[in-house]
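Have a look at the structure below before the remarks.
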Amino acid sequence: MAFALTPEREREVDELLTRYPERRASLLPLLWLCQRQNGWISPEVVDYVSQRLDLSTATVRGVVTFYTMFFDEPVGENVVWVCRTLSCDLRGGKAIQDHLENKLGCTAGHTSSDGKFTLLKAECLAACGQAPMVQINDRYYENLDVELLDQIIDAHVTKGAEEAAREFSTHATFGAPTKAPISTAPPPPSPEAVRLASQPPPAPDPVGDES
Amino acid sequence: MSNPTKPLLTTRYGIAESWKIANAERAGAYRVAKRALTSIEPAKLKGEVKKANIRGRGGAGFPAGVKWGFLNPGPDDQVYLVINADESEPGTFKDRSLMDLDPHRLIEGAIISCYAIGSHVAYIYVRGELAFSVARLEEAIADARHAGYLGARPFGIDHEIEIYVHTGAGAYICGEETALLNSLEGRRGEPRLKPPFPAVKGVFGMPTIVNNVETIAVVPDVIEMGGDAWSALSRLPADGGVRLYGVSGHVRNPGLFEAPVGITMRELIYDYAGGMLGSRPLKAVIPGGSSTPVLDPRRLVDAPEEDQPLHAWHGKSEIDVPMGVDTYRALGTMLGTCCAIVMDDTVNMVEACRNLMRFYKHESCGQCTPCREGTGWLVDVLDNLCAGRGKLEDVDLLVDISNNMMGNTICAFADGTAMPLLGFVQKFRDEFIDAARNGLPVDVRHDDSVRRKVEKVA
Ligand SMILES: Cc1cc2nc3c(=O)[nH]c(=O)nc-3n(C[C@H](O)[C@H](O)[C@H](O)COP(=O)(O)O)c2cc1C
Ligand code: SF4
């Protein structure tokens with residue numbers, strides 16, 4: 001069946017087109033709108049987009065396949081990106097991935113059998129000071145350990161993604177889970193240093209180091 | 001040498017709901033933009049930015065004032081300002097804080113910058129993962145427009161300014177400025193050959209200034225204080241002001257800090273970031289994002305002659321050299337994005353190197369053979385070394401592959417891959433040789449020291 005955007009989103013497209021001197025420049029934002037509605041960039045979406053912007057389907061496909069965030073096959077209800085680049089790995093990124101694979105019952109690159117979660121490995125997500133972290137759908141969850149991760153995943157199942165994000169996502173506070181008071185941050189380490197008052201208190205030392 | 005006792009860039013971060021325009025304005029937002037647009041000539045604004053010695057905060061450290069000076073638009077040209085918020089260099093997490101916690105500072109900086117360079121449109125290119133930052137920026141832009149600071153007559157003057165957010169979709173290479181311009185035009189994010197440089201022929205074929213988020217966000221302070229005074233906040237010459245420093249990895253207190261340009265890595269780790277996790281020894285630190293060659297605290301600066309740029313630090317540890325664009329270049333590394341990755345003695349450098357090379361293999365855009373193939377070969381060789389399938393010659397093979405990548409490609413990505421690899425092999429050669437002989441036992445893999453903490457088992 002042919003793909004069509006909702007009338008509301010169509011109006012957004014009309015506005016998008018005014019932002020750029022060339023029609024083609026709306027391609028990425030338009031693909032985002034479609035993916036948000038459809039969940040992935042299906043062949044029907046490619047047809048729709050190429051007609052809307054007067055581009056060949058090959059051109060549109062070429063762009064879709066270049067970018068990792070455009071899905072060219074269907075994904076689960078929630079997409080979990082686990083960061084495995086150095087800063088996260090130094091703070092336990094691999095343990096986070098292992099735990100997710102056990103919990104969701106699928107390895108990275110696959111979707112859980114109930115269709116609720118697709119697990120993907122991510123490259124650095126610009127949250128290195130709050131490692132380890134995962135991105136679920138379009139929200140970040142930082143300063144993780146496996147207990148917190150369990151709560152976050154469970155909340156996605158029992159309460160839904162939006163409520164889980166409200167409770168656990170760390171964007172608005174730049175690191176601290178929303179429910180933790182911002183004032184728990186330690187004082188600046190030196191008078192001229194300005195610590196961004198958001199991360200939880202300094203991590204306890206790893207087991208075995210000083211004990 | 002002066003140190004600000006009060007924060008500048010981050011001064012509004014701690015305010016409740018700092019991203020709302022009313023709260024930001026109560027704390028001073030848009031006052032400088034209003035004064036600049038209504039009473040200062042664009043040429044004077046450009047002059048102050050030049051005097052401020054802002055070294056680009058996106059990684060290359062090019063002076064912003066000089067870049068702006070390259071603009072020479074024809075009578076029918078539309079000049080564009082493009083703000084690089086792709087922030088994807090591993091280890092780097094500073095620009096996100098500006099967008100999430102003080103979007104109005106970025107918008108104010110963009111308004112002043114557009115006016116100064118004669119641009120009517122600015123695009124902020126945000127990496128796709130940062131949907132939250134995109135929402136923050138869009139709300140802030142709408143509020144600024146509603147307040148009359150953007151649109152056909154910002155602050156009542158006859159110089160239209162519009163700011164649009166453009167969202168990427170997951171590709172590190174789109175941080176490279178010409179790849180970013182292609183992506184903004186709706187193309188695959190593949191870098192373009194330079195010249196022509198963006199200031200001559202950029203987005204939509206028009207003269208374009210590409211600057212990092214932080215570079216633009218300091219502009220209001222520069223105009224408020226005056227370029228000379230702002231520049232003098234730094235401890236170094238020709239590299240002005242204050243900047244955001246990030247620290248991740250094995251420190252007690254990872255996070256972002258604002259400090260003058262020119263603090264040392266030792267200060268950053270031990271004073272700002274609370275020292276090493278578990279008081280373990282510092283083994284290595286990647287100073288400014290993964291493309292900057294690693295520093296080894298045991299190595300001493302060798303600059304016995306008085307005319308050598310680092311002579312003042314002769315005999316001191318690499319981590320005691322002030323962090324500046326020029327000092328770090330003289331040290332054989334780069335300041336990059338000024339976000340450090342700190343590693344303690346549990347980390348095996350071959351494994352750390354492999355982790356980063358996998359990143360580059362994944363992110364190469366594939367246009368140039370030395371880069372596309374080279375990144376893959378590096379990972380293959382490193383995988384073999386780690387798994388105990390390596391040979392002694394493999395260590396030199398890594399160096400050889402890297403040397404053939406450097407300078408042979410369209411963009412600086414290949415150099416940004418080869419340089420850190422060469423740094424690792426040069427400074428930690430013993431470990432590579434060891435790995436070639438024995439492979440890496442699983443328990444020296446670098447996540448294990450913190451694994452138990454994350455897993456919460458005794
Ligand atoms: C592979 C590669 C990735 C880059 N990624 C970024 C980035 O994520 N953000 C950024 O601001 N600059 C990045 N740059 C640097 C830009 O090309 C450009 O120099 C910079 O945006 C200019 O702004 P500035 O002068 O204000 O630093 C990257 C460069 C290369 C070669
Ligand atoms: S150097 Fe690498 S990333 Fe840059 S254009 Fe060539 S293939 Fe692409």
In segment A:124-153, what residues are under 28 Å from residue B:245 (Cβ atoms), outside any loop (DSSP other than H, G, I, E, B), open to solvent by 10 Å² or more (accessible area, probe 1.4 Å) and not hydrophobic (A, V, I, L, M, F, W, C)?
-> A:139
Could you list, in sequence order, all residues of segment B:156-196 that are within 10 Å of ligand 1 (Cβ to nearest atom) and among the β-branched types (Val, Ile, Thr)?
-> B:173, B:178
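Take segment B:333-362 and flag every residue that is away from ligand 2 (no atom under 16 Å from the Cβ) and assigned to a helix (DSSP H, G or I).
Taking segment B:333-362 first, the residues away from ligand 2 (no atom under 16 Å from the Cβ) are B:333-355.
Scanning segment B:333-362 gives B:349, B:350, B:351, B:352, B:353, B:354, B:355.
Tell me yes or no: at least one residue of segment B:142-152 is assigned to a loop (DSSP other than H, G, I, E, B), assigned by TED's automatic domain parsing to the domain that holds residue B:52, within 16 Å of ligand 1 (Cβ to nearest atom) and buried (at least 20 other Cβ atoms within 10 Å of the Cβ). Quick ask: steps written out before the conclusion?
Taking segment B:142-152 first, the residues assigned to a loop (DSSP other than H, G, I, E, B) are B:147-150, B:152.
If we keep only those that are assigned by TED's automatic domain parsing to the domain that holds residue B:52 too, we end up with B:147-150, B:152.
Now narrow it down to the ones that are within 16 Å of ligand 1 (Cβ to nearest atom): none.
So far as segment B:142-152 goes, no, none of its residues is assigned to a loop (DSSP other than H, G, I, E, B), assigned by TED's automatic domain parsing to the domain that holds residue B:52, within 16 Å of ligand 1 (Cβ to nearest atom) and buried (at least 20 other Cβ atoms within 10 Å of the Cβ).
Would you check if there is a residue in segment B:224-234 being aromatic (Phe, Trp, Tyr) and farther than 25 Å from residue B:352 by Cα? Spell out the reasoning first.
Initially, segment B:224-234 is screened for residues aromatic (Phe, Trp, Tyr), giving B:230.
Narrowing further to those that are farther than 25 Å from residue B:352 by Cα: B:230.
Yes, because at least one residue in segment B:224-234 is aromatic (Phe, Trp, Tyr) and farther than 25 Å from residue B:352 by Cα.
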Could you grab me the full set of residues in segment B:208-233 that are away from ligand 1 (no atom under 13 Å from the Cβ), touching a residue at least 12 places away in the same chain (Cβ under 8 Å) and open to solvent by 10 Å² or more (accessible area, probe 1.4 Å)?
-> B:221, B:223, B:224, B:226, B:228, B:231, B:232, B:233
Select from segment B:171-190 the residues that are open to solvent by less than 10 Å² (accessible area, probe 1.4 Å) and in a loop (DSSP other than H, G, I, E, B) and write down the one among them that is nearest to residue B:77 (Cα to Cα).
-> B:186
Which one of the conditions (1) within 22 Å of residue A:128 (Cβ to Cβ); (2) in contact with a Gly (Cβ under 8 Å, 6 or more places away or on another chain); (3) open to solvent by less than 60 Å² (accessible area, probe 1.4 Å); (4) within 16 Å of ligand 1 (Cβ to nearest atom) does residue B:361 fail to meet, given that it meets all the rest?
-> (3)
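Conditions (1) out of contact with any strand residue (DSSP E or B) (no Cβ under 6 Å at 6 or more places or on another chain); (2) of a type in the set (Ser, Thr, Tyr); (3) away from chain A (no Cβ under 12 Å), marked per residue:
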{"position": "B:244", "(1), (2), (3)": "no, no, no"}
{"position": "B:249", "(1), (2), (3)": "no, no, no"}
{"position": "B:264", "(1), (2), (3)": "no, yes, yes"}
{"position": "B:280", "(1), (2), (3)": "no, no, no"}
{"position": "B:287", "(1), (2), (3)": "no, no, yes"}
{"position": "B:295", "(1), (2), (3)": "no, no, yes"}
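Quick check on residue B:353: is it touching a helix residue (DSSP H, G or I) at 6+ places or on another chain (Cβ under 6 Å) and either touching a residue at least 24 places away in the same chain (Cβ under 8 Å) or surrounded by 24 or more Cβ atoms within 10 Å (Cβ to Cβ) (or both)?
Working: touching a helix residue (DSSP H, G or I) at 6+ places or on another chain (Cβ under 6 Å): yes; either touching a residue at least 24 places away in the same chain (Cβ under 8 Å) or surrounded by 24 or more Cβ atoms within 10 Å (Cβ to Cβ) (or both): yes.
Yes; evaluated as a whole, the condition is true for this residue.
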Residue A:126 aliphatic (A, V, I, L, M) and either within 23 Å of residue B:363 (Cβ to Cβ) or out of contact with any helix residue (DSSP H, G or I) (no Cβ under 8 Å at 6 or more places or on another chain) (or both) = yes
Unmet criterion (only one of (1) away from ligand 2 (no atom under 11 Å from the Cβ); (2) in contact with a Pro (Cβ under 8 Å, 6 or more places away or on another chain); (3) not aromatic (Phe, Trp, Tyr)) for residue B:365 = (1)
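Here's the yes/no breakdown for (1) within 16 Å of ligand 1 (Cβ to nearest atom); (2) open to solvent by 30 Å² or more (accessible area, probe 1.4 Å):
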| position | (1), (2) |
| --- | --- |
| B:20 | no, yes |
| B:26 | no, yes |
| B:31 | no, yes |
| B:34 | no, yes |
| B:37 | no, no |
| B:45 | no, no |
| B:51 | no, yes |
| B:58 | yes, yes |
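Just give me the residues in segment B:394-421 being assigned to a helix (DSSP H, G or I) and either more than 16 Å from ligand 2 (Cβ to nearest atom) or open to solvent by 60 Å² or more (accessible area, probe 1.4 Å) (or both), in sequence order.
Answer for segment B:394-421, where residues must be assigned to a helix (DSSP H, G or I) and either more than 16 Å from ligand 2 (Cβ to nearest atom) or open to solvent by 60 Å² or more (accessible area, probe 1.4 Å) (or both): B:394, B:395, B:396, B:397, B:398, B:399, B:400, B:403, B:404.
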Checked segment B:191-206 for anything touching a helix residue (DSSP H, G or I) at 6+ places or on another chain (Cβ under 6 Å) and facing chain A (nearest Cβ under 10 Å); matches are B:203
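Would you say residue B:275 is touching a Gly at 6+ places or on another chain (Cβ under 7 Å) and open to solvent by less than 10 Å² (accessible area, probe 1.4 Å)? Walk me through how you get there before you give the answer.
Values: touching a Gly at 6+ places or on another chain (Cβ under 7 Å): no; open to solvent by less than 10 Å² (accessible area, probe 1.4 Å): yes.
No: the conditions fail for residue B:275.
Taking into account only those residues within segment A:52-69 that are open to solvent by 10 Å² or more (accessible area, probe 1.4 Å) and closer than 30 Å to residue B:290 by Cα, which is farthest from the other protein chains (Cβ to nearest Cβ)? Let's see the steps before the verdict.
From segment A:52-69, those open to solvent by 10 Å² or more (accessible area, probe 1.4 Å) are A:52, A:54-59, A:61-62, A:65-66, A:68-69; that's our starting set.
When the remaining residues are screened for being closer than 30 Å to residue B:290 by Cα, the result is A:62, A:65-66, A:68-69.
Values: A:62: 6, A:65: 9, A:66: 4, A:68: 4, A:69: 4 Å.
Restricting to residues being open to solvent by 10 Å² or more (accessible area, probe 1.4 Å) and closer than 30 Å to residue B:290 by Cα, the top hit is A:65.
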Sole exception among (1) on the phi < 0 side of the Ramachandran plot; (2) assigned by TED's automatic domain parsing to the domain that holds residue B:257; (3) away from ligand 1 (no atom under 15 Å from the Cβ); (4) open to solvent by 10 Å² or more (accessible area, probe 1.4 Å) for residue B:332, by number = (1)
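Would you confirm whether any residue within segment A:75-90 is acidic (Asp, Glu) and more than 7 Å from chain B (Cβ to nearest Cβ)? Talk me through it step by step, then tell me what you get.
Pass one, segment A:75-90, residues acidic (Asp, Glu): A:77, A:89.
When the remaining residues are screened for being more than 7 Å from chain B (Cβ to nearest Cβ), the result is A:77.
Checked against the condition, which is being acidic (Asp, Glu) and more than 7 Å from chain B (Cβ to nearest Cβ), segment A:75-90 yields at least one hit.
The values are calculated or read from the model by the stated rules, or taken from the named source; none is laboratory data. Since the structure is predicted, the reported quantities are computational estimates derived from the model, not experimental observations. Backbone-built Cβ (ideal geometry, glycine too); neighbour counts: all protein chains shown. The accessibility values were calculated without ligands, DNA or RNA, using every heavy atom of the protein model including side chains. Shrake-Rupley method; radii C 1.70, N 1.55, O 1.52, S 1.80 Å.
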